[in-house]
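Asker: Just dropping this structure here.
The values are calculated or read from the model by the stated rules, or taken from the named source; none is laboratory data. Quantities reported herein were computed from a predicted structural model and do not represent experimental measurements. Positions of Cβ are generated from backbone atoms using ideal geometry, with glycine treated the same way; all protein chains shown enter the neighbour counts. Just the protein is used for accessible areas: all its heavy atoms, side chains included, with ligands, DNA and RNA removed. Shrake-Rupley method; radii C 1.70, N 1.55, O 1.52, S 1.80 Å.
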Amino acid sequence: MGLGLQSDKRPHEYVALAQRAEAAGFDVISVFHDLLFQPAIFPLLTIAAATERVRLGPAALNPSTLHPVELAGQAAALDLASGGRAYLGLVAGAWLDRLGLDERRPVERMREAVAVVRRLLAGDRGGYAGEHFTLAPGSGLEYEPARSQIPLMIGTWKPRMAALAGEVADELKIGGCANPDMVRLMREWIGNDDVGIVVGAVTVVAEDGAAARERARREVQMYLGVVGGLDPTIDGPPPLEKFTIAGTPQEVAEHAWRLFDAGVKRVEFGTPQGLDTAAGVDLLCDRVLPLLR
């Protein structure tokens, strides 16, 4: 079970939410790295200092706004700060047109970024020469990482990137997805049963299910422009329940079970969690997790 936090909070809020989630039994806490929000590394380091058990990672960094040297450095920093609990989440990136960045050949760019990151973490100073990234021979991290290999999660909705994840990643995340049919299709695209599928979506849990769904409808608009047309199992306008997890605690738990039954390894309950975040996290901890354990 995972909790996905938007990076728009004050330090004490991250600490309180993370400690509450860890005490209740959440396994993973992810922090989003959406464009123009706080860089995920800040809340992740704050959470690392305040927790002991949960795995931590960004969902997700991208090799267009961060060079692979920086990706490796941030992953290594979080792994050191958390005592070896980090994962590295990578994605092609969204809203990059606002920055005028080259979005062509995302799969090739991702493949090269992963190769550079892994060389750096492993202490390989042999260099790398790719079409997108190069690393001069002799270049390497000037400190010792906590681990020479950090678990990798790649986020995508597309078959070619999914196939790459099947080759190089430990997990694949379908960000903004709550559709069991898409999970089954993604399993075919990955082509490797050892790669776990993660789904994360806008989540709103409340005692008033109708109010929860209405809040989810508003919150998901930010993401529907990016992912609303990417699900080939859907014809017509995107139904709310395919892109959000919303309702009463019982309804949210039942939705999560449908995703697990479809083959998901981890369900990540995303922002804003409830009508307000603290109340939503409380309901997830006290009412939803017991139904899933």
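Asker: From the residues in the stretch 21-48 that are in contact (Cβ under 8 Å) with a residue 60 or more places away in the chain, in contact with a Phe, Trp or Tyr (Cβ under 9 Å, 6 or more places away or on another chain) and not in a loop (DSSP other than H, G, I, E, B), which one is farthest from Thr277 (Cα to Cα)?
Answerer: Val28
Asker: Here's another thing I want to ask about it. Would you be able to tell me the number of residues in the stretch 191-201 that are open to solvent by 10 Å² or more (accessible area, probe 1.4 Å) and touching a helix residue (DSSP H, G or I) at 6+ places or on another chain (Cβ under 7 Å)?
Answerer: 2
Asker: So Glu214 passes all but one of these: (1) under 18 Å from Val252 (Cβ atoms); (2) touching a helix residue (DSSP H, G or I) at 6+ places or on another chain (Cβ under 9 Å). Which condition number does it fail?
Answerer: Status for Glu214: all satisfied but (2).
Asker: For the structure I just gave you, tell me whether Leu185 is in a loop (DSSP other than H, G, I, E, B) and either touching a Lys or Arg at 6+ places or on another chain (Cβ under 6 Å) or surrounded by 14 or more Cβ atoms within 10 Å (Cβ to Cβ) (or both).
Answerer: Values: in a loop (DSSP other than H, G, I, E, B): no; either touching a Lys or Arg at 6+ places or on another chain (Cβ under 6 Å) or surrounded by 14 or more Cβ atoms within 10 Å (Cβ to Cβ) (or both): yes.
Spelling it out, it is not the case that Leu185 is in a loop (DSSP other than H, G, I, E, B) and either touching a Lys or Arg at 6+ places or on another chain (Cβ under 6 Å) or surrounded by 14 or more Cβ atoms within 10 Å (Cβ to Cβ) (or both).
Asker: Mind listing whichever residues of the stretch 1-12 are touching a residue at least 12 places away in the same chain (Cβ under 8 Å) and either in a helix (DSSP H, G or I) or closer than 16 Å to Ala279 by Cβ (or both)? Don't jump to the end; show me each part of the working.
Answerer: Quick first cut of the stretch 1-12, residues touching a residue at least 12 places away in the same chain (Cβ under 8 Å) only: 1-9, 11.
Selection gives Leu3, Leu5, Gln6, Lys9, Pro11.
Asker: Farther than 20 Å from Val267 by Cα, among the charged types (D, E, K, R) and under 21 Å from the mean Cα position of the chain (by Cα): which single residue out of Arg118, Arg104 fits that description? Walk me through it before giving the result.
Answerer: Details: Arg104 fails: under 21 Å from the mean Cα position of the chain (by Cα).
Among Arg118, Arg104, only Arg118 is farther than 20 Å from Val267 by Cα, among the charged types (D, E, K, R) and under 21 Å from the mean Cα position of the chain (by Cα).
Asker: Name the residues in the stretch 128-179 that are surrounded by fewer than 18 Cβ atoms within 10 Å (Cβ to Cβ) and of a type in the set (Ser, Thr, Tyr), would you?
Answerer: Thr134, Ser139, Tyr143, Ser148, listed by residue number.
Asker: Let me ask another. Taking the condition among the hydroxyl-bearing types (Ser, Thr, Tyr), without any contact (Cβ under 8 Å) to a residue 40 or more places away in the chain and open to solvent by 20 Å² or more (accessible area, probe 1.4 Å), does Thr51 pass? Don't jump to the end; show me each part of the working.
Answerer: Values: among the hydroxyl-bearing types (Ser, Thr, Tyr): yes; without any contact (Cβ under 8 Å) to a residue 40 or more places away in the chain: yes; open to solvent by 20 Å² or more (accessible area, probe 1.4 Å): no.
No; evaluated as a whole, the condition is false for this residue.
Asker: Could we say that Ala146 is in contact (Cβ under 8 Å) with a residue 40 or more places away in the chain, assigned to a loop (DSSP other than H, G, I, E, B) and of a type outside the set (Ser, Thr, Tyr) here? Can you show your working first?
Answerer: Values: in contact (Cβ under 8 Å) with a residue 40 or more places away in the chain: yes; assigned to a loop (DSSP other than H, G, I, E, B): yes; of a type outside the set (Ser, Thr, Tyr): yes.
The answer is yes for Ala146.
Asker: Within the stretch 264-286, restricting attention to residues that are among the β-branched types (Val, Ile, Thr) and more than 25 Å from Pro232 (Cβ to Cβ), which residue is least open to solvent (accessible area, probe 1.4 Å)?
Answerer: Looking only at the stretch 264-286, we keep the residues that are among the β-branched types (Val, Ile, Thr), and these are 264, 267, 271, 277, 281.
Those still in the list that are more than 25 Å from Pro232 (Cβ to Cβ) too: 271, 277, 281.
Values: Thr271: 19, Thr277: 30, Val281: 2 Å².
My answer is Val281.
Asker: Can we say Arg118 is assigned to a helix (DSSP H, G or I), at pLDDT 95 or above and open to solvent by 40 Å² or more (accessible area, probe 1.4 Å)? Talk me through it step by step, then tell me what you get.
Answerer: Values: assigned to a helix (DSSP H, G or I): yes; at pLDDT 95 or above: yes; open to solvent by 40 Å² or more (accessible area, probe 1.4 Å): yes.
Here the answer is yes, as Arg118 does meet what is asked.
Asker: A further question follows. Quick one: count up the residues across the stretch 9-34 that are more than 22 Å from Glu171 (Cβ to Cβ) and either of a type in the set (Val, Ile, Thr) or open to solvent by 40 Å² or more (accessible area, probe 1.4 Å) (or both).
Answerer: Number of matching residues: 9.
Asker: Right, another one. Within the stretch 68-106, work out how many residues are open to solvent by less than 10 Å² (accessible area, probe 1.4 Å) and more than 23 Å from Ala122 (Cβ to Cβ).
Answerer: 1
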